Amino acid sequence: MTGRALAFFLTAGTLLAGVAGAQSRDRNLERCTGDDLQLRIIGCSALIDSGQEAPEGLAIAYLNRGNALADNGQLDAALKDYDQAIKNNPLSAEAFYRRGIADEQQGQFDRAISDCDTAIKLDPKNAKAFANRGYAHSHKKEFDAAIEDYTEAIKLDPNDEKTYRFRASAYREKAQYDLAIQDCDEAIKLDTDDAVAYYVRGLSKQKKGDKSGSKADIAKAKQLDPKVDQP
């Protein structure tokens, strides 16, 4: 084989390897951003382990893998990935917000509030960060702060039934039963199968002396979720 022919074959081989590598990355990127939890973990892990991703790409891969791990109940592993996402992109509001959710799920309410504080500073229109900070405040029995956060979240996203339900629970804890009932009404309008909203509304009606209304709501809640009254 002549030198020119050898050079041609070497160049062609390099090009083919490059194309194959690009196709492999595209496949892993598609998995990393997809809906299937296991494929997302596989795809994101491949991108992370490749050593070819820039910090911004690494941040996204760690964030997406962290979300998949959290959805799969692997909170310790998810928190490690959120740490890495923030390390690679300290301006990622979503990474802070997602880490705040994992903190809250592990009972680390102060850390959850701190992470949501940062998320909100980075993205003042992040309704979910406000709602999650409110939820952490509720766990700490700081219901005024919780209601303030829920109210801001509802202003930013009036179509999230869970936030109405969370605020209703905070109002009920403060014995503001009319406001709790109003929020449960809104939650149920947005999701007619929201068992917790029916349950909280039933408890609030009970406190107001509406026995028949309370009984009907609690029965509906238990029909939708037999364990709705369990912590």
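The values are calculated or read from the model by the stated rules, or taken from the named source; none is laboratory data. Computed from a predicted model, the values in this text were never measured in an experiment. Don't worry about glycine lacking a Cβ; one is built from the backbone with ideal geometry, like all the others, and counts go over all protein chains shown. Just the protein is used for accessible areas: all its heavy atoms, side chains included, with ligands, DNA and RNA removed. Shrake-Rupley method; radii C 1.70, N 1.55, O 1.52, S 1.80 Å.
For the range 119-161, what are the residues that are within 16 Å of the chain's Cα centre (by Cα) and under 13 Å from residue 96 (Cα atoms)?
Correct list: 119, 120, 123, 126, 128, 129, 130, 132, 133.
Tell me yes or no: at least one residue of the range 81-103 is in contact with a helix residue (DSSP H, G or I) (Cβ under 6 Å, 6 or more places away or on another chain), surrounded by 19 or more Cβ atoms within 10 Å (Cβ to Cβ), modelled with pLDDT of 95 or more and over 25 Å from residue 48 (Cβ atoms).
The answer is no, given that none of the residues of the range 81-103 is in contact with a helix residue (DSSP H, G or I) (Cβ under 6 Å, 6 or more places away or on another chain), surrounded by 19 or more Cβ atoms within 10 Å (Cβ to Cβ), modelled with pLDDT of 95 or more and over 25 Å from residue 48 (Cβ atoms).
Could you grab me the full set of residues in the range 162-194 that are in a loop (DSSP other than H, G, I, E, B) and open to solvent by 40 Å² or more (accessible area, probe 1.4 Å)?
Residues satisfying the conditions are 174, 175, 176, 191, 192, 193.
Need pairs with beta-carbon distance below 9 Å; first residue at positive phi and within the range 141-160, second not β-branched (Val, Ile, Thr); sequence gap 6+ or separate chains.
141/173
How about the range 31-53: which of its residues are closer than 19 Å to residue 71 by Cβ, open to solvent by 80 Å² or more (accessible area, probe 1.4 Å) and part of a helix (DSSP H, G or I)?
The answer is 31, 38, 42.
Could you list all residues from the range 96-138 that are farther than 16 Å from residue 82 by Cα and among the small types (Gly, Ala, Ser)?
107, 127, 131, 134, 136, 138
Of (1) within 21 Å of residue 131 (Cβ to Cβ); (2) open to solvent by less than 80 Å² (accessible area, probe 1.4 Å), residue 210 satisfies all except one. Which?
Every condition holds for residue 210 apart from (1).
Taking the range 110-153 only, how many residues are part of a helix (DSSP H, G or I) and open to solvent by less than 50 Å² (accessible area, probe 1.4 Å)? Quick ask: steps written out before the conclusion?
Going through the range 110-153, the residues part of a helix (DSSP H, G or I) turn out to be 110-122, 127-139, 143-153.
This time we only want the ones that are open to solvent by less than 50 Å² (accessible area, probe 1.4 Å), so: 112-113, 115-116, 118-120, 127, 129-134, 136-138, 143, 145-147, 149-151, 153.
Matching residues across the range 110-153 total 25.
Any residue that is hydrophobic (A, V, I, L, M, F, W, C), in contact with a Phe, Trp or Tyr (Cβ under 7 Å, 6 or more places away or on another chain) and within 20 Å of residue 44 (Cβ to Cβ) - is there at least one of those in the range 93-100?
Yes, the range 93-100 contains a residue that is hydrophobic (A, V, I, L, M, F, W, C), in contact with a Phe, Trp or Tyr (Cβ under 7 Å, 6 or more places away or on another chain) and within 20 Å of residue 44 (Cβ to Cβ).
When the residues of the range 73-118 are narrowed to those that are touching an Asp or Glu at 6+ places or on another chain (Cβ under 8 Å) and of a type in the set (Phe, Trp, Tyr), which ends up nearest to residue 146 (Cα to Cα)?
Ranking the qualifying residues of the range 73-118, first place goes to 109.
How many residues are in contact (Cβ under 8 Å) with a residue 24 or more places away in the chain and either within 14 Å of residue 34 (Cβ to Cβ) or surrounded by fewer than 23 Cβ atoms within 10 Å (Cβ to Cβ) (or both) if we restrict to the range 64-75?
From the range 64-75, those in contact (Cβ under 8 Å) with a residue 24 or more places away in the chain are 64-72, 75; that's our starting set.
Add one more test, that the residue is either within 14 Å of residue 34 (Cβ to Cβ) or surrounded by fewer than 23 Cβ atoms within 10 Å (Cβ to Cβ) (or both), and what stays is 64-65, 67-68, 70-72, 75.
Of the residues in that region, 8 qualify.
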